[in-house]
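The values are calculated or read from the model by the stated rules, or taken from the named source; none is laboratory data. Just so you know, these numbers come straight off a predicted model, no measurement behind them. Note that we place each Cβ from the backbone using ideal geometry, even for glycine, and neighbour counts take in every protein chain shown. In case anyone asks, the SASA skips ligands and DNA or RNA and just uses the protein heavy atoms, side chains included. Shrake-Rupley method; radii C 1.70, N 1.55, O 1.52, S 1.80 Å.
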Amino acid sequence: GSDDIIAGNVSKYTVFPAGYCGQPKKGHLIFDACFESGNLGRVDRITEFEYDLFIRPDTCNPRFRVWFNFTVENVKESQ
């Protein structure tokens, strides 16, 4: 569930539509936070244009999430 503890960063995580099998197509977003200061812990696809992003808590203050750092690749025009 959404209350699960997020332990690590996503690493080149491709988000596919429900039921899709095969290679990523343009528009199947690829999220990555596997680098120093990356803090994206989970991605849920809601629609083609909406995603829920779960940011890991700050290391020195786990009550807060005051910044975010991740990359997104494989976008298509007007997405």
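Go through the range 45-79 and give me each residue that's assigned to a strand (DSSP E or B), open to solvent by less than 80 Å² (accessible area, probe 1.4 Å) and of a type in the set (Asp, Glu).
If the condition is that a residue be assigned to a strand (DSSP E or B), open to solvent by less than 80 Å² (accessible area, probe 1.4 Å) and of a type in the set (Asp, Glu), then 52, 73 are the ones that fit.
How many of the residues in the range 28-50 are closer than 16 Å to residue 17 by Cα and touching a Leu at 6+ places or on another chain (Cβ under 7 Å)?
2
May I ask you to say which residue of 8, 19 is without any contact (Cβ under 8 Å) to a residue 24 or more places away in the chain and part of a loop (DSSP other than H, G, I, E, B)?
None of the others qualify; the one that does is 19.
Could you list, in sequence order, the residues of the range 22-44 that are over 13 Å from residue 10 (Cα atoms) and either in a strand (DSSP E or B) or open to solvent by 90 Å² or more (accessible area, probe 1.4 Å) (or both)?
23, 25, 26 - these are the residues of the range 22-44 that are over 13 Å from residue 10 (Cα atoms) and either in a strand (DSSP E or B) or open to solvent by 90 Å² or more (accessible area, probe 1.4 Å) (or both).
For residues in the range 3-21 being open to solvent by 30 Å² or more (accessible area, probe 1.4 Å) and of a type in the set (A, V, I, L, M), which is modelled with the lowest pLDDT?
Here the residue is 5.
Has the range 10-26 got at least one residue that is on the phi > 0 side of the Ramachandran plot, under 14 Å from the mean Cα position of the chain (by Cα) and of a type outside the set (Val, Ile, Thr)?
Within the range 10-26 (the criterion being on the phi > 0 side of the Ramachandran plot, under 14 Å from the mean Cα position of the chain (by Cα) and of a type outside the set (Val, Ile, Thr)), the answer is yes, since at least one residue qualifies.
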